[in-house]
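**Q** Pasting a structure below so you can have a look.
The values are calculated or read from the model by the stated rules, or taken from the named source; none is laboratory data. Everything quoted here is computed from the prediction, not taken from an experiment. Glycine gets a Cβ as well: all are built from the backbone with ideal geometry, and neighbour counts include every protein chain shown. Keep in mind that these areas ignore ligands, DNA and RNA; they rest on the heavy atoms of the full protein, side chains included. Shrake-Rupley method; radii C 1.70, N 1.55, O 1.52, S 1.80 Å.
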Amino acid sequence: MTLPLETPRLRLRAFQMEDAADFAAYRSDPLVARYQGWQAPFSLDQAHEFIAEMQTTRPGIPDEWYQIAIELKQDGRLIGDCAFYILPEDGQQAEIGFTLTRAYQGQGLATEAVTRLIDYLFDTFQLHRLRALCDVDNRASSRLLERVGMRREAHFIENFWSKGEWRSEYGYGLLRRERNNSTKDHPILPEA
Ligand SMILES: CC(C)(COP(=O)(O)OP(=O)(O)OC[C@H]1O[C@@H](n2cnc3c(N)ncnc32)[C@H](O)[C@@H]1OP(=O)(O)O)[C@@H](O)C(=O)NCCC(=O)NCCS
């Protein structure tokens, strides 16, 4: 199974140069960038450079993040991205990440994309485990991770230097044999 991937409302596909303006626009939104590794504003030149780099690689090379474009089928517009990288140590685990343009949040679109991404990763790369990290204050992200069935397994205290301060993160995990289970089957660590 390879890209593109379909969901009822979305197409998950490789980035194209035509995405650069929309990509730079949502990466320049301070609220979208707040808990992410890049700095807003994010220029059109940076977007072109990023997409050019993505076009030289392919999904599933261990130790390399691969960014998948999230396109709204209805109008072909780029509305976000999801990403993964396979851990080089064993090649059987991957970390995932995701971003949605603010105007398209709150409609279940990220849930739709990430659910599809999880299936793609388990089916295509025969992975044993997926993981995700999220800032403890990024409630939209932790809610999403729990909605797609990931288990909160860790609370790291000031483990991550980001934008001038030490931040704390939750660590999430999902085993291959647990996929399609709902959150109610997993004990979630209580709020800190
Ligand atoms: C993390 C992020 C992708 C979550 O986006 P989101 O819009 O909250 O997630 P979804 O698209 O799945 O939408 C879910 C919300 O829509 C609501 N919703 C409306 N219609 C829905 C539907 N048909 N199906 C599911 N949810 C629906 C849900 O109730 C939920 O709201 P809630 O969280 O207030 O309960 C988004 O906040 C984002 O891009 N943040 C910036 C980047 C970032 O921090 N990424 C994570 C780094 S770890």
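**Q** Would you pick out the residues in region 106-134 that are buried (at least 16 other Cβ atoms within 10 Å of the Cβ) and not in a helix (DSSP H, G or I)?
**A** Within region 106-134, Leu127, Arg129, Leu130, Arg131, Ala132, Leu133, Cys134 qualify.
**Q** For the list (1) crowded, with 21+ Cβ neighbours inside 10 Å; (2) in a helix (DSSP H, G or I), I need the number of the one condition that Ala94 fails.
**A** Status for Ala94: all satisfied but (2).
**Q** Filter region 53-78 for residues that are among the hydrophobic types (A, V, I, L, M, F, W, C) and not in a strand (DSSP E or B); which is surrounded by the most Cβ atoms within 10 Å (Cβ to Cβ)? Talk me through it step by step, then tell me what you get.
**A** Filtering region 53-78 for residues among the hydrophobic types (A, V, I, L, M, F, W, C) gives 54, 61, 65, 68-70, 72, 78.
After this cut, where a residue has to be not in a strand (DSSP E or B) as well, the list is 54, 61, 65.
On the way: Met54: 21, Ile61: 12, Trp65: 14.
Selected residue: Met54.
**Q** Out of all the residues in region 79-91, which are out of contact with any helix residue (DSSP H, G or I) (no Cβ under 8 Å at 6 or more places or on another chain) and assigned to a strand (DSSP E or B)?
**A** Ala83, Tyr85
**Q** Consider region 135-147. How many of its residues are in a helix (DSSP H, G or I) and either open to solvent by 60 Å² or more (accessible area, probe 1.4 Å) or of a type outside the set (D, E, K, R) (or both)?
**A** Applying the first criterion (in a helix (DSSP H, G or I)) to region 135-147 yields 139-147.
Now restrict to residues that are either open to solvent by 60 Å² or more (accessible area, probe 1.4 Å) or of a type outside the set (D, E, K, R) (or both): 139-145, 147.
The qualifying residues number 8.
**Q** Can you find a residue in region 63-72 that is among the β-branched types (Val, Ile, Thr) and within 16 Å of the ligand (Cβ to nearest atom)? Show your work before the answer.
**A** Initial filter on region 63-72 (among the β-branched types (Val, Ile, Thr)): 68, 70.
After this cut, where a residue has to be within 16 Å of the ligand (Cβ to nearest atom) as well, the list is 68, 70.
Yes - at least one qualifying residue is present in region 63-72.
**Q** Among the residues in region 31-52, are any surrounded by 21 or more Cβ atoms within 10 Å (Cβ to Cβ), more than 23 Å from Arg152 (Cα to Cα), modelled with pLDDT of 95 or more and within 13 Å of the ligand (Cβ to nearest atom)? Talk me through it step by step, then tell me what you get.
**A** Filtering region 31-52 for residues surrounded by 21 or more Cβ atoms within 10 Å (Cβ to Cβ) gives 47.
When the remaining residues are screened for being more than 23 Å from Arg152 (Cα to Cα), the result is 47.
Cutting the leftovers down to modelled with pLDDT of 95 or more gives us 47.
With the extra rule that they be within 13 Å of the ligand (Cβ to nearest atom), the set shrinks to none.
For region 31-52, residues surrounded by 21 or more Cβ atoms within 10 Å (Cβ to Cβ), more than 23 Å from Arg152 (Cα to Cα), modelled with pLDDT of 95 or more and within 13 Å of the ligand (Cβ to nearest atom): absent.
**Q** State the number of residues belonging to region 8-51 that are without any contact (Cβ under 8 Å) to a residue 24 or more places away in the chain, in a helix (DSSP H, G or I) and over 21 Å from Ala110 (Cα atoms).
**A** The total comes to 4.
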